[in-house]
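The structure appears right after this line, and notes come after that.
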Amino acid sequence: MMLVNNHILTLIVFVPLVGAALLALLPVRGRSMQWGALAVTLLTFLLTLHLPAHYDYIAGGMQFESNHLWLASPAIRYHLGVDGLSMWLIVLIGLLAPFGVLASWRAIGDRTKEFYVLFLVQQTAMLGVFVALDLFLFYGFWELSLVPMTLLIAIFGRTESRRRAAMKYFLYTFITSALLLVAILWLYARTGTFDYTVLAQMAAAHQISTSAKALWLASLAFLLAFATKVPVFPLHGWLSDAISEAPTAAAMVLVGELGLYAILRFSLGIFPAESHRIAPLMIALTAIGVVYGALIALAQTDIKRLIAYASLSHVSFCVLGIFSFTIAGINGSIYQVINHGISGGALLLLAGMLYERYQTYDMRDYGGLAQTMPWMVTLFVITTLALIGLPMFNGFIGEFLVLSGAFQTHPRWTILATVGVILGAAYMLWMVQRIFYGNVAPKLSTLSAGIDMPDLSDREQITLWPLAVLMLILGVFSPYFLRAIDTSAVLLADKPPAAAAPHVVVLSSATYALPDSSTDSAQGGK
Amino acid sequence: MLSMNVIRLLPEIILTLSGVMVMLEEPMLPATRSRKSLGWFAIFGTLAAGAASLWQLHFPVGTAFYGMVQVDAFSVFFHLLICAVVLVTLLTSLDYFEGFATHAGEYFALVLFGATGMMLMTCSVELLMVFIGLEISSISTYIMAGMRKGQGASAEAALKYFLLGSFATAFFLYGVALIFGATGSTGFAAIAAGIPTAKAPLLVVTSFALMLIGLGFKVSAAPFQVWTPDVYQGAPSPVVGLMSTAPKAAAFAVLLRVAYTAFPTLQHRWSILIWILAVLSMFVGNLCALLQRDVKRMLAYSSIAHAGYILVAYTAYQADGIAAVCFYTAAYAAMNVGAFAVITQVSGVKESLSNIEDYAGIAQQRPMLSAALALFLLSMIGIPFTAGFFGKFYVFTAALHAGHLWLVVLGLINSGIACYYYLRFLISLYSPAPSSRAELLRGKPLSFAAAAGITLCVLATLAVGIFPGHVLHLASRASDITAITH
């Protein structure tokens, strides 16, 4: 078991890469690529499940570490580790991959080899981001994650503007990451180490630099790169094009996870004081982002673009939780990222399935599908309810935690964000209404004239039901998942240096109340 | 003493002899015979020269031929680099000139002679010797640029390169004359010793500036870059691969030796000059590359930008700056020679693919080649786990250590701009092809030699990108370039 624990992270990260290499060498025959990719992603997912099964919840902190010297000069270490922040995110990425493969099963008919090889390389890069504890290694995976995604959008995009969308995505993220690299190099020049754990300790002891201005600039470079990847309003310029062009499997992991994790781990970990300093601005931006995303989503007629702006609204919500610096807020934001991955992913899958049938994402072309596709509408409604935060579903827990956390520190902005939540229900339900109810749109009836558009196939059922079940499980058994997240959130949430003691007491009591209240509401639902 | 002299020039001697042999053999072969055998002979000559360079490491650092050349880790590093570039170039262009059978022999001999000149440049510690090396390498490359005889573009390239190149060499020679006038010597160590007592300090400064102009032409740093796009566009692809890397590496090596060992006391002056050259080169190269549609022109501008990145490292007046220069030239050689090798293979002697759009669909017809090209492009962008990333990393770290924060920021902004055009090309490779072109793109199957050459580049790009330790170790050994007085 020691052996497994020491190498499990390396295995998780590199199994997809090895799989990609194997697929590249295999000939394309029938669905060989699909089966191969499915096997690799399932294996990766099983490996990621090792983490929650063997994580020591009582000890907390970094576990499953492997730490080897990679380069002597500059001192770059191959340092991997997992703690409560990243553990469930890794499982999430592992979980979404097989669904991505299943969703692409027929949607990607041409050039399957390129698609699945890129898809698996993307897996490696993303998993690497979550486990790397050496800043340099992290940066490596961070940049690497950009390449396959860009190519997936550029090659397999839906319309002629796919190259433009890909380029936009790449430039936004690459240029801000270049500044991140300057900041990383500066940190190295000051401290002589890239190791996150060492840097975090030095930061806590205020040993990194005596120049407040330099630290401030470096923290901004970090935050800018991460916020662009999330994206946080107003850095979301790439988002709607990228999402609406990206194939479903890629779009599922395009938004949120990486950037949010990076903010939590590196911005908060290495620049705690500076993060507090910028918190009011971030809170304002994210609260605006929540409402702005929701308002734009309301105005969309394209399903993919609606999802894109809904995602902006959702991830802004998550960042709001982080910068509240309360345990509930941080817990909630991680929880909400997981929810976003699952429910948002399911929504993209559903939209993709509609597109496979009718070749359009325009809602005005749809209508009245509820009669012909009972299964589709059932799952669509479940997903919608989860996304708008109905109690008993996962979204409720996340939203509740974030709002209650943020309300303690920034009540006004939180009220604004709550408006976004209400708007969220509006655009989601309106979308359901426009697609599934009302009269059958004339265009749809001509499209399906003579051809009976089938309801969900077995493969599609297999793709969607596990996600739907997970939405319920995450909604009901939240304490199980929050147990690990809590261990890390406690360390990040605070105690501002000047804060009075009673404030801290209020915070911690609020946290303890939260998991209970969520279970209560869940049980009340039963 | 003589034997030590011979050992210290052994790589050059081997290359010259192989070149002469190829030249002598060429007319004896019947006109209809393939010239490949000569190519293989040249390849073995290059390998032997590389082995000889490695062997030199076993001997103590020292000078030969009365202080004309100095063999140290620095010269060996660049010797090996030049050998590797020449090796890959020869492997990937073995049958390039098969259509023009009469020129194939000359081509192999010229490559070897050119390499001899470049090697001489990197080990010379005396300005006249540098000049001789520079001329040998330049004249060979002038001729090679015009190897596609009968093609207007190729002739234009050769003539332009020749005229502007001679002009640049004249600048260099003028600088040599002035410093001889000021210090009474052309040896690096003697110049460094003579500068503090030089009667006319203005001569010294002017002399360095003139030499910088001459070498600036050779490395195509802005504002001396005007010849680059035309020459690269017109010259045969394998030759461009060679001349965008090996002669540049040699010129960078000369610039390092001259700046650090002959003019160390002028550091505050030349580092400003180089700062300006670096920023100009990066911006001119990257911004102009954005506008190009022709692939070779685009890569020409990209090579100007890469020269700018390398110059960034010069501003760090420290050992890690020199090491960064060495490392970057090696990384750049791996990816650039590789990229031109792929272009040679898919485009053929007719240079049938010129525009970026022409490459659409290559990925379906030739998946392995386009994957290799994609890797080289990613490396030029500076994506982690490729050679180009560590190259940029060391260059910018060195500059940052020296306190040039703004230079680093400008450099990174430039690498952001650069990724646009590399990516455009990369995406084009993987775009669907118009079906009418499928036949054209299929091309002839890859020969063993070409496959080996490209594989070498791929492995080098990845190995340097994942385990840069070995090359860095060599580069830091090479960074000790103190001139020995004898």
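The values are calculated or read from the model by the stated rules, or taken from the named source; none is laboratory data. The structure presented is a predicted model; accordingly, all values stated were derived computationally and were not measured. Ideal geometry is used to build each Cβ from the backbone, glycine not excepted, and the neighbour counts take in all protein chains shown.
Applying the set (1) surrounded by fewer than 24 Cβ atoms within 10 Å (Cβ to Cβ); (2) more than 7 Å from every other protein chain (Cβ to nearest Cβ); (3) out of contact with any Leu (no Cβ under 8 Å at 6 or more places or on another chain); (4) not hydroxyl-bearing (Ser, Thr, Tyr) to A:ASP134 leaves exactly one unmet item: (1). Which of the numbered conditions does A:LEU185 fail, given that it passes all the others? Conditions: (1) more than 23 Å from A:ILE243 (Cα to Cα); (2) assigned to a helix (DSSP H, G or I); (3) more than 10 Å from chain B (Cβ to nearest Cβ); (4) aliphatic (A, V, I, L, M). Going through (1) more than 23 Å from A:ILE243 (Cα to Cα); (2) assigned to a helix (DSSP H, G or I); (3) more than 10 Å from chain B (Cβ to nearest Cβ); (4) aliphatic (A, V, I, L, M) one by one, A:LEU185 breaks only (3). Taking residues in the stretch A:376-401 that are closer than 13 Å to A:LEU464 by Cα, and partners anywhere that are small (Gly, Ala, Ser), the pairs with Cβ atoms closer than 8 Å and at least 6 places apart or on different chains are A:VAL377/A:ALA370; A:LEU379/A:ALA346; A:LEU379/A:ALA468; A:ILE382/A:ALA468; A:THR383/A:SER343; A:THR383/A:ALA346; A:THR383/A:ALA468. Would you mind stating whether A:VAL255 is under 17 Å from the mean Cα position of the chain (by Cα) and outside any helix (DSSP H, G or I)? Taking the combined requirement at face value, the residue satisfies it. Here B:GLU98 passes the criteria (1) exposed (fewer than 15 other Cβ atoms within 10 Å of the Cβ); (2) of a type outside the set (A, V, I, L, M, F, W, C); (3) at pLDDT 90 or above except the one numbered (3). Residues of the stretch A:158-178 that are surrounded by 20 or more Cβ atoms within 10 Å (Cβ to Cβ), of a type in the set (Gly, Ala, Ser) and more than 10 Å from chain B (Cβ to nearest Cβ): A:ALA165 alone. Considering (1) among the polar types (S, T, N, Q); (2) touching a Pro at 6+ places or on another chain (Cβ under 8 Å); (3) within 14 Å of another protein chain (Cβ to nearest Cβ), the lone condition that A:SER104 does not fulfil carries the number (3).
Which members of the stretch B:23-69 meet the condition of being touching a residue at least 40 places away in the same chain (Cβ under 8 Å), in a helix (DSSP H, G or I) and under 19 Å from B:MET119 (Cα atoms)? Hits for the stretch B:23-69 are B:ALA42, B:ILE43, B:GLY45, B:THR46, B:LEU47, B:ALA49, B:ALA52, B:SER53, B:TRP55, B:GLN56. Among the residues in the stretch A:61-68, are any under 22 Å from A:LEU137 (Cα atoms) and within 14 Å of chain B (Cβ to nearest Cβ)? Checked against the condition, which is being under 22 Å from A:LEU137 (Cα atoms) and within 14 Å of chain B (Cβ to nearest Cβ), the stretch A:61-68 yields at least one hit.
Scanning the stretch A:199-217 for residues that are closer than 26 Å to A:GLU65 by Cβ and surrounded by 17 or more Cβ atoms within 10 Å (Cβ to Cβ), we see that the one that is nearest to the chain's Cα centre (by Cα) is A:ALA200.
Beta carbons closer than 7 Å, at least 6 apart along the sequence or on distinct chains, pair a first residue in the stretch A:34-48 that is under 14 Å from A:LEU92 (Cα atoms) with a second that is at pLDDT below 95 and of a type in the set (Gly, Ala, Ser) for A:THR41/A:ALA97; A:THR44/A:GLY94; A:THR44/A:ALA97; A:PHE45/A:GLY94; A:PHE45/A:ALA97; A:THR48/A:GLY94. Looking only at the stretch A:68-87, residues that are in contact with a Lys or Arg (Cβ under 8 Å, 6 or more places away or on another chain) and surrounded by fewer than 16 Cβ atoms within 10 Å (Cβ to Cβ) come to 2 in all. Kindly evaluate B:LEU202 against the criterion of being free of Cβ contacts under 8 Å to residues at least 40 places away in the same chain, more than 15 Å from B:ALA262 (Cα to Cα) and part of a helix (DSSP H, G or I). When the stated conditions are applied, B:LEU202 passes them.
When the stretch B:392-432 is limited to residues that are touching a Pro at 6+ places or on another chain (Cβ under 9 Å) and in contact (Cβ under 8 Å) with a residue 24 or more places away in the chain, the one that is nearest to the other protein chains (Cβ to nearest Cβ) turns out to be B:THR397.
Restricting to the stretch A:190-218, what's the tally of residues that are within 20 Å of A:GLU143 (Cβ to Cβ) and of a type in the set (Gly, Ala, Ser)? Count: 1. Of the set (1) facing another protein chain (nearest Cβ under 8 Å); (2) surrounded by fewer than 23 Cβ atoms within 10 Å (Cβ to Cβ); (3) among the aliphatic types (A, V, I, L, M); (4) under 23 Å from B:VAL471 (Cα atoms), all apply to B:LEU378 but (2). Which numbered condition in (1) over 26 Å from B:LEU412 (Cα atoms); (2) part of a helix (DSSP H, G or I) is the only one that A:GLU160 fails? Of (1) over 26 Å from B:LEU412 (Cα atoms); (2) part of a helix (DSSP H, G or I), only one is false for A:GLU160: (2).
Here the stretch B:316-342 is the region considered, the condition is being surrounded by fewer than 24 Cβ atoms within 10 Å (Cβ to Cβ) and assigned to a helix (DSSP H, G or I), and the residue that is nearest to the other protein chains (Cβ to nearest Cβ) is B:ASP320.
State all residues of the stretch A:379-411 that are modelled with pLDDT under 90, surrounded by fewer than 24 Cβ atoms within 10 Å (Cβ to Cβ) and of a type in the set (Val, Ile, Thr); if no residue qualifies, say none. Answer for the stretch A:379-411, where residues must be modelled with pLDDT under 90, surrounded by fewer than 24 Cβ atoms within 10 Å (Cβ to Cβ) and of a type in the set (Val, Ile, Thr): A:ILE388, A:THR409. Residues that are modelled with pLDDT of 85 or more and either crowded, with 23+ Cβ neighbours inside 10 Å or over 14 Å from B:TYR328 (Cα atoms) (or both) within the stretch B:473-486 comprise B:ALA475, B:ARG477, B:ALA478, listed in sequence order. Residues that are among the aromatic types (Phe, Trp, Tyr) and either closer than 13 Å to B:PRO247 by Cβ or crowded, with 24+ Cβ neighbours inside 10 Å (or both) within the stretch B:112-155 comprise B:PHE113, B:TYR142, listed in sequence order. On inspection, B:TYR161 does not qualify as in a helix (DSSP H, G or I), more than 18 Å from B:HIS79 (Cα to Cα) and out of contact with any helix residue (DSSP H, G or I) (no Cβ under 6 Å at 6 or more places or on another chain). Taking first residues from the stretch B:256-280 that are at positive phi and partners that are in a loop (DSSP other than H, G, I, E, B) and surrounded by fewer than 19 Cβ atoms within 10 Å (Cβ to Cβ), no Cβ contact under 9 Å between residues at least 6 apart in sequence or on separate chains turns up.
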